[in-house]
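Read through the structure below, which is laid out as structure tokens, and then see the notes.
The numbers here are math on the coordinates, done by the rules we state, and not lab data. All values derive from a computational prediction rather than experimental measurement. Here the Cβ positions follow ideal geometry from the backbone for every residue, glycine too, while neighbour counts run over all protein chains shown.
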Amino acid sequence: MGQENFKEMRKAMVVSQLRTTEVSDPRVIAAMSHVAREDFVPAANRAIAYADRGVKIGDGRALNSPLATGRLINVAEPRKEDDVLLIGAATGYTAALLSQLAGNVVALEQSSKLATLAAKNLSVLDNVTVEKGPHAEGVPAHAPYSLIIIDGEVEQVPDLLSAQLADGGRIVAAVVDGGIARLALGRKAGDIVGYQYFADCGGCALPGFEKAKGFHF
């Protein structure tokens, strides 16, 4: 499939998936219009890179749909003065978008295979650093962050991540509650993070944030 085909698919994604929903920030739309999503999916799946669903990227993981990614970043409102921690680097697509919208981005990935791939895909960007480690532990060495984005559906946001957020900082995630993922924006004041919940937000599960299962008799 030629580059012109992908450009047309990218335009169609912006028109049909982003502009018809709550993705209203022109900076987010511009970034998603520019970054070639097909470069961040396996060759066998490039033809569906812009489909309105997750795309399998290996190691049991999938890249969030463009709409899920767009809504997450739109709510986060990244700014050039932000130091961002991205949880779930995957193949590097969301980090590539954030590199155009924020000052510095630390992208954390717990899969060795995907972390290596993300580092390769993002090597040309001088404001993105890829780190390998457990998602739920964050990257305290670079903290505090003014913005933390968890790129995938999670069952909970651990206190260890909230502790790495600067006072006044924001944290965004799709939190699963009762089987439904709701887009959540948290703002930190002192040691407390207060959350505001938005509409349901579909996405792909991100490992490392499962709640402990209780005993049943």
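Remarks
- Length-normalised contact order of the range 3-200 in % [C-alpha pairs under 8 Å, at least 6 apart]: 15
- Long-range HN-HN contacts of S146 with modeled amide H, under 5 Å: D83, A166
- Rounded to the nearest whole Hz, the Karplus-based 3J(HN,Hα) values (6.51 cos²θ - 1.76 cosθ + 1.60, θ = phi - 60°) of the range 83-94 follow the sequence 9, 10, 10, 9, 9, x, 5, 6, 8, x, 4, 5, with x at glycine and proline.
- Sequence-ordered 3J(HN,Hα) estimates for the range 57-74 from the Karplus curve with 6.51, -1.76 and 1.60 and θ = phi - 60° stand at 10, x, 6, x, 10, 9, 7, 4, 4, x, 5, 4, 5, x, 5, 4, 6, 4 Hz, glycine and proline given as x.
- Between V106 and V84, L85, L86, T129, the built amide H atoms are under 5 Å apart, and every one of these is 5 or more places off in sequence or on another chain.
- Residue pairs exceeding 23 angstrom between C-alpha atoms, taken from K7/K113; K7/K80; K7/K56; K56/K132; K120/K188: K7/K113; K7/K80; K120/K188.
- Options (1) 8, 34, 37, 17, 4, 0; (2) 7, 24, 21, 15, 13, 11, 7, 2, 0; (3) 9, 36, 39, 13, 2, 0 - which one matches P(r) over Cα pairs in 10 Å bins from 0, in percent as calculated here: (3)
- Helical mean residue ellipticity (222 nm; -39500 (n - 2.57) per DSSP H run of 4+; nearest 500) of the chain: -6500 deg cm²/dmol
- Residues whose amide H falls under 5 Å from that of A205, counting only those 5 or more places apart or on a different chain, are E153, with hydrogens built in the peptide plane.
- Loop-located GluC sites (Glu not before Pro) in the range 43-152 (DSSP state not H, G, I, E or B) with no more than 16 neighbouring Cβ atoms inside 10 Å: E81.
- Computed 3J(HN,Hα) for the range 31-41, one whole-Hz value per residue from the Karplus formula 6.51 cos²θ - 1.76 cosθ + 1.60 where θ = phi - 60°, is 5, 6, 6, 9, 6, 7, 4, 4, 6, 10, 10, glycine and proline marked x.
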